[in-house]
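Here's the structure, in structure tokens; my notes come after.
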Amino acid sequence: KVNKFLELLLFCTHTTAGQPARGTEITTVRYQNGFLQDRNIFVIDGRVVVITRYHKSQSQFDKPKIIPRFLPWRVGQLMTVYLGYVQQFREHLMVQVQGKGWSDYVWADANGPWETDRLTSIITRETASRLGNRLTTLDYRHAAISIGRVFVGEQFGSGYREEVGEVEEAEVGLEDALELHAGRGEKTGVQRYGVPSDIAKHLSIRSMETFRPLSEAWHRFFDLSSDEQDEERKRMQRSEPVRWDNKKRAREDPGMLCIRSAPPKLVKGDERGSAADREVHKGVGTAEVETAMRRVLGRDEVSFRSKEQELAMEAILAGQTPLVVVSPTGGGKSLLFMVPACLEEAGVTIVVAPFRALVDDLVDRLKKRGIDCLEWKPGEVNPAAVVVVSADMVANWTFLNYASLLDRQGLLRRVVIDECHLTFTSSDYRPKLAQLKHLRVLKCPMLLLTATLPPMLENELSECMLSADIAGMEKRSKAIFVSVG
């Protein structure tokens with residue numbers, strides 16, 4: 001029964017994802033990384049994608065073509081459920097009972113990955129049974145290209161004619177004006193600049209934008225459009241309870257808002273506004289914030305240490321980003337991320353600590369206060385209300401993939417960088433601190449904490465964290481307080 005299911009899964013994957021791959025490309029798809037080869041199955045923007053490498057281009061030009069094929073939602077679900085619940089158990093039984101070896105391939109037997117002949121037999125059987133016409137692998141390939149040109153567009157079949165003709169020359173197109181304007185070639189721009197941290201190896205945003213619409217048009221031809229599932233997923237997300245930071249989750253970056261510790265006499269009351277005017281009190285009541293503070297501080301009577309601390313808390317709950325809080329040691333900076341972690345629908349807060357001792361201290365303090373937390377280490381996949389990670393680990397792409405997954409799932413609320421001034425003052429002898437700028441790829445609010453940031457160094461922090469000039473933000477915001485003494 002499993003083999004029958006795998007045959008039908010192969011048939012569906014081969015015929016519904018768009019322009020069919022060659023037999024040897026689709027039958028050798030891997031679901032996990034091998035010793036020398038990367039896996040071929042990914043989930044991108046909620047869609048299961050099969051990524052194959054074009055072998056003829058590799059042999060002719062030593063430059064592989066990477067081709068993503070997006071599966072229809074229903075087929076992607078079948079693939080996901082099989083790999084998640086059946087594949088490992090099936091393979092374990094085959095190893096233990098039949099003495100067979102482990103395999104990285106989705107479609108494999110004792111002799112290795114399935115051959116093209118088996119794919120042909122599957123296509124022949126299914127087309128004869130369901131269409132009344134017997135098609136081989138090559139027949140279906142011709143038919144798919146012809147159908148695609150009529151119902152999808154001429155570009156559906158372009159670039160794939162090598163099966164029946166000569167191998168094409170290396171592609172040479174007009175350079176993109178935007179890349180030329182930046183002083184670089186199109187290839188360099190696409191492969192090296194603005195590349196998401198979670199994108200598959202050798203894949204570019206441009207190829208995604210090119211191939212995804214073709215796959216989706218092919219889905220519509222088969223009446224397997226995923227649009228309804230996307231709308232349902234968005235509707236479910238909209239129907240979830242309103243979270244305290246969802247009303248104003250900043251996706252744009254107008255610049256850094258810098259809040260500095262200051263004596264109360266330097267702060268004018270009319271600059272702060274009333275509590276009723278602030279968005280945080282529309283989504284989260286004062287009572288809820290005070291309850292969270294009692295849990296963090298461990299006492300019944302709670303209050304903010306300063307007006308600046310209260311203002312910073314309001315800005316955090318409102319989703320202001322990027323937000324820099326400059327406060328002396330012992331000024332209550334930790335409260336700014338512990339309190340949000342104790343609210344309802346708290347989500348996940350990532351805290352980046354630059355020192356080993358600080359990581360241990362934060363984890364210990366959080367656990368003593370009963371706050372759900374964990375220290376992220378390679379291999380960790382579980383979320384927590386507060387995830388503490390060493391700054392040296394942030395440069396690891398495994399962590400960025402972990403954080404990106406939380407962000408895409410709507411769980412990540414904010415990223416906090418403690419002692420943020422070290423990103424430029426200590427990066428000479430600790431170069432990994434300079435890599436914290438990669439956290440900017442996460443589309444969530446960012447909070448930077450420090451006790452040491454002279455105004456003259458604000459621009460350096462801006463440049464190091466790839467943000468707009470702080471000085472420009474000072475002119476637009478009243479939430480700037482100058483420290484004295």
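Every read-out reported here was derived from the displayed coordinates using simple, explicitly stated rules and does not represent laboratory data. From a predicted model like this one, the values you see are computed outputs, not experimental measurements. Note: ideal-geometry Cβ built from the backbone for every residue, glycine included; neighbour counts use all protein chains shown.
Before moving on, here are some points about what is shown:
- Modelled this way, with points 7 Å down the Cα-to-C-beta line, the labels at Val2 and Asp360 are 4.6 nm from one another.
- Listed peptides 299-308, 68-77 by packing density, highest first (mean Cβ within 10 Å): 68-77, 299-308
- Sequence ranges 406-416, 215-225, 355-365, 84-94, ranked by mean other-Cβ count within 10 angstrom, highest first: 406-416, 215-225, 355-365, 84-94
- Neighbour net charge for Leu119 - beta-carbon separation under 14 angstrom, K R +1, D E -1: -3
- Take the Cβ atoms of Leu297 and Val43, set R0 to 41 Å, and the FRET efficiency comes out at 0.50.
- Estimated distance in nm for a label pair at Glu310 and Trp397, the labels positioned 7 Å out from Cα along Cα-to-Cβ: 4.8
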